[in-house]
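Asks: This is the structure, below, for whatever I ask next.
Each value in this text was obtained by applying a stated rule to the coordinates, not by laboratory testing. What you see is a predicted model, and the numbers here were worked out from it, not measured in a lab. Because the Cβ atoms are built from the backbone with ideal geometry, glycine has one as well, and the counts that use them run over all protein chains shown.
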Amino acid sequence: MEATQEIVEPLRRFGLTDYAARAYVTLVQYGALTAAEISKFSRIPTSKIYSILAYLHARNWISVEKARPQRYHALSPKDAIASARLDIENSLKNLEENLVAQLQPMFEGRESRERPNIWIIRDMGSLALEVKEVIRRTRGELVLALPVSLRPLERLIAPAIGYLRTTGVRPKVLVTEAVEESTLRELLKGAELRKRDQMFGGGMVADSREALIVLSEEPGKGSFLAIKSDHVGLVKFAREYFEQLWQNAESL
């Protein structure tokens, strides 16, 4: 019976060539055979049979009977396959160690060079541009706190919130008592809104990956300091601070 592809193909995954798998299956089926007999039964060219048998012997799939002519025996499939599996595992382990030794220093060197981006913003025009860009990049969640110092941005933010509504994002917006009635109505169209008496700072967090934090430097004079960053710790702090303000605010 000729070796079927259903048997040969899995053996190839254990490191055997097509000819080697066919020769081994032939020996399993027929028992001890000469090289000529193996060539005949497995349909392997005579010119290749001896190199194939040497290949199988070196990898512990067959044994050789010292006789004239030499006869070849298949080793137990259980033992031969277990030995092949061990060889593959050892080979993979060595490959893993070599790759890690080469790639890990490259990775760690890259990590040491990477730094989070942090920008300081002090003028309202630059802040307005950053606010629009952050809103434009938002894909899943936007939380926004509007203190008095951001009053000049209210007319910009309201239509931007409307744009987010078309993308399926419904942001959370926190405002103060000082917000204009017209802006309030506009915000209510596309956002979940809550109100606080006052906020000492504000800003926005988009998709929990970038934050704009706005701090009032001189309350009542409109001056501020804004920090934009994708630093994981800073973004997490800003998101948690907003959530604390949100939980203690009045729903609108």
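Asks: Before rounding to the nearest 500, sum -39500 (n - 2.57) across all DSSP H runs of length at least 4 in the chain and divide by the residue total; then give [θ] at 222 nm in deg cm²/dmol.
Replies: Numbers: 9 runs with 132 residues, N = 252.
Mean residue ellipticity, 222 nm, calculated: -17000 deg cm²/dmol.
Asks: Mind jotting down the distance between the C-alpha centroids of the range 7-39 and the range 142-171, whole Å?
Replies: The range 142-171 and the range 7-39 have Cα centres spaced 72 Å from each other.
Asks: Round to the nearest 0.05 the FRET efficiency obtained for T166 and R209 when R0 = 35 Å and r is the Cβ-Cβ distance.
Replies: On the way: r = 21 Å, r/R0 = 0.61.
The value I calculate is 0.95.
Asks: Between K236 and K195, what length comes free when the chain is fully extended (0.36 nm per residue of separation minus the Cα-Cα distance, one decimal in nm)?
Replies: Values: separation 41, 0.36 × 41 = 14.76 nm, distance 2.23 nm.
So the chain would gain 12.5 nm between K236 and K195.
Asks: Grab the Cα-Cα distance for T17 and S76, subtract it from 0.36 nm times how many residues apart they are, and report the gain in nm with one decimal. Display every interim value, and only then the final one.
Replies: On the way: separation 59, 0.36 × 59 = 21.24 nm, distance 1.86 nm.
Answer, rounded to one decimal: 19.4 nm.
Asks: Still on this structure, I have one more. As an exercise, identify the trypsin sites (Lys or Arg not before Pro) in the range 34-76 lying in DSSP coil whose Cβ has no more than 15 other Cβ atoms within 10 Å. Numbers along the way, then the final one.
Replies: Values: sites: K40, R43, K48, R59, K66, R71; in loops: R43, R59, K66.
Sites meeting the loop and neighbour criteria: R43, K66.
Asks: To make sure I understand the rule: partners must be lysines, Cα under 16 Å from the Cα of K236, and not fewer than 8 residues away in the same chain. Which ones qualify?
Replies: Correct list for K236: K228.
Asks: Oh, and also: R0 = 51 Å: FRET efficiency of S83 with R139, Cβ-based, nearest 0.05? Mind showing how you got there, number by number?
Replies: Values: r = 53 Å, r/R0 = 1.03.
Efficiency at R0 = 51 Å is approximately 0.45.
Asks: With an 8 Å cut-off on Cα pairs and a minimum separation of 6 or more residues, tell me the relative contact order of the chain in percent.
Replies: Details: 350 pairs, mean separation 36.1, N = 252.
That works out to 14 percent.
Asks: Can you list the lysines whose alpha carbon sits under 25 Å from that of K78, skipping same-chain ones fewer than 8 residues off?
Replies: Correct list for K78: K66, K93.
Asks: Taking 0.36 nm per intervening residue step and subtracting the Cα-Cα distance, what contour gain separates R122 from Q244 on full extension? If you can, show how the numbers build up before the last one.
Replies: Working: separation 122, 0.36 × 122 = 43.92 nm, distance 2.58 nm.
Taking 0.36 nm per residue and subtracting the Cα distance, the gain is 41.3 nm.
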